[in-house]
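Below is one structure, written out as structure tokens; the observations come after it.
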Amino acid sequence: MNRIAVLNVVGLSDRHIGPHTPRLSALRQRWNHASIDPAIPAVTCTAQSDYLTGRRPSEHGIVANGWYDRSLSEVHFWKQSNHLVQAPKIWDELKARDPRFTCAKMFWWYNMYSGADWSVTPRPMYPADGRKFFDVYTWPYDLRPALKQALGDFPFATFWGPAAGVKSPQGSPDAATRWIAGSAKWIEEKHSPTLNLIYLPHLDYNLQRLGPQHPAVADDLRRIDAIVGDLLDFFAARGVRPILLSEYGITPVSRPVHLNRIFRERGWITIKEELGLELPDIGNSKAFAVADHQVAHIVVNDPSIED
């Protein structure tokens, strides 16, 4: 069985491949390539579930990065249990065909409690006293101290939140993506998985924050090109075949529809004040929208307003 490394360069589109991406440009000239119809909605959790199950959201159930739980009256984004994906994954099917097959899931989502042999995912720790510590979750557990000893602490602040993809005391703008790439190389050296799934998010940050036509994106393209090029050289030397893919492309928009502002104007959203800030009380609202990039899920708690 051929060993494969899947490099998920989030946000990469064909139009980005050019003078700022010499390694990707050379790759495009040599390799076969194909365009895909992206997931609908074109968001990470849905797109990755499409890839890993070969099915659409109507079958695997991942309709967004998060959704409203009516029983709890809460919106939940970025949950990590693989049990949420209601379809067999590629590693399940390949393990059934060949017991020797192994899989590493390096920061792909729904990473906890899957059938993958090695998993690493961002996961804060919450002690009982209310504190919060940024860290990673791994399976098996001994991966976490071993990876941190080899690579240092995961630079969580440059991965998620307002400083994602921005230079900070934790390191360079691409520090989180470089850490993930390093962890994928470490897994390959120690365990040689049959399938190595590698999430490389750096390009995605400014494409969303600044827009795809912003001049700063050129530096992001150079950075991700260097990271991808290094991984390609590394895996080639070990006889691992690479597959390069993206979850979706980013295009400019000019007319957002702020559904919850409209619903508030109509008196459908209940607002509460906490610590001097206004927050929606969605369980007591007649209707609200769970906005998630390309789409919004509209929740109606009061059927009388539907007409």
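A few comments on the model shown:
- Residues satisfying the stated conditions in the stretch 264-307, i.e. crowded, with 17+ Cβ neighbours inside 10 Å and part of a helix (DSSP H, G or I): Arg264, Ile282
- Residue within the stretch 256-271 that is at pLDDT below 95 and either over 29 Å from Pro201 (Cβ atoms) or among the small types (Gly, Ala, Ser) (or both) present: no
- Restricting the search to strands (runs of 3 or more DSSP E) fully inside the stretch 96-141 and requiring at least 3 residues that are surrounded by 11 or more Cβ atoms within 10 Å (Cβ to Cβ) and within 16 Å of the chain's Cα centre (by Cα) gives 103-106, 118-122.
Here is a yes/no grid of residues against (1) in contact (Cβ under 8 Å) with a residue 24 or more places away in the chain; (2) of a type in the set (Asp, Glu); (3) assigned to a loop (DSSP other than H, G, I, E, B); (4) surrounded by fewer than 17 Cβ atoms within 10 Å (Cβ to Cβ):
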position	(1), (2), (3), (4)
Val6	yes, no, no, no
His20	yes, no, yes, no
Arg23	yes, no, no, no
Leu27	yes, no, no, no
Asn32	no, no, yes, yes
Asp37	no, yes, yes, yes
Ile40	yes, no, yes, yes
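Each row is one residue, and each column tells you yes or no for (1) within 25 Å of the chain's Cα centre (by Cα); (2) over 27 Å from Leu210 (Cα atoms).
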| residue | (1), (2) |
| --- | --- |
| Arg238 | no, yes |
| Pro252 | yes, no |
| Asn260 | no, no |
| Thr270 | no, yes |
| Leu277 | no, no |
| Ser285 | no, yes |
| Ala291 | yes, no |
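- Test result for Arg56, among the basic types (Lys, Arg) and touching a residue at least 24 places away in the same chain (Cβ under 8 Å): no
- Residue check, Gly229 touching a helix residue (DSSP H, G or I) at 6+ places or on another chain (Cβ under 6 Å), surrounded by 10 or more Cβ atoms within 10 Å (Cβ to Cβ) and either of a type outside the set (A, V, I, L, M) or in the same structural domain as Ala26 (by TED's automatic domain parsing) (or both): yes
- Against the criterion of being outside any loop (DSSP other than H, G, I, E, B), surrounded by fewer than 18 Cβ atoms within 10 Å (Cβ to Cβ) and at pLDDT below 95, Gln208 qualifies.
- Selected residue (criterion: farthest from Ile198 (Cα to Cα)) from residues of the stretch 27-42 that are out of contact with any Gly (no Cβ under 9 Å at 6 or more places or on another chain) and of a type in the set (A, V, I, L, M, F, W, C): Ile40
- For beta carbons closer than 9 Å, sequence separation of 6+ or different chains, a first residue in the stretch 259-287 that is closer than 12 Å to Val300 by Cβ and a second that is outside any loop (DSSP other than H, G, I, E, B) and hydroxyl-bearing (Ser, Thr, Tyr), the qualifying pairs are Ile282/Tyr68; Lys286/Ser304.
- So Tyr199, is it touching a residue at least 12 places away in the same chain (Cβ under 8 Å) and assigned to a strand (DSSP E or B): yes
- Pairs meeting the criteria (first residue in the stretch 86-106 and not assigned by TED's automatic domain parsing to the domain that holds Ile187, second residue buried (at least 19 other Cβ atoms within 10 Å of the Cβ) and in a loop (DSSP other than H, G, I, E, B), beta carbons under 6 Å, at least 6 apart or on different chains) are lacking.
- Selection within the stretch 281-296 - at pLDDT 95 or above and in contact with a Phe, Trp or Tyr (Cβ under 9 Å, 6 or more places away or on another chain): Ile282, Ser285, Lys286, Ala287, Phe288, Ala289, Val290
- Selection status of Gln213, modelled with pLDDT under 95 and assigned to a helix (DSSP H, G or I): no
- Ser183 vs. criteria surrounded by 22 or more Cβ atoms within 10 Å (Cβ to Cβ), among the small types (Gly, Ala, Ser), over 26 Å from Gln29 (Cα atoms) and at pLDDT 95 or above: yes
The values are calculated or read from the model by the stated rules, or taken from the named source; none is laboratory data. Remember, it's a predicted structure, so these values are computed and weren't measured experimentally. Neighbour counts are summed over all protein chains in view; Cβ atoms, including those assigned to glycine, are modelled from backbone coordinates with ideal geometry.
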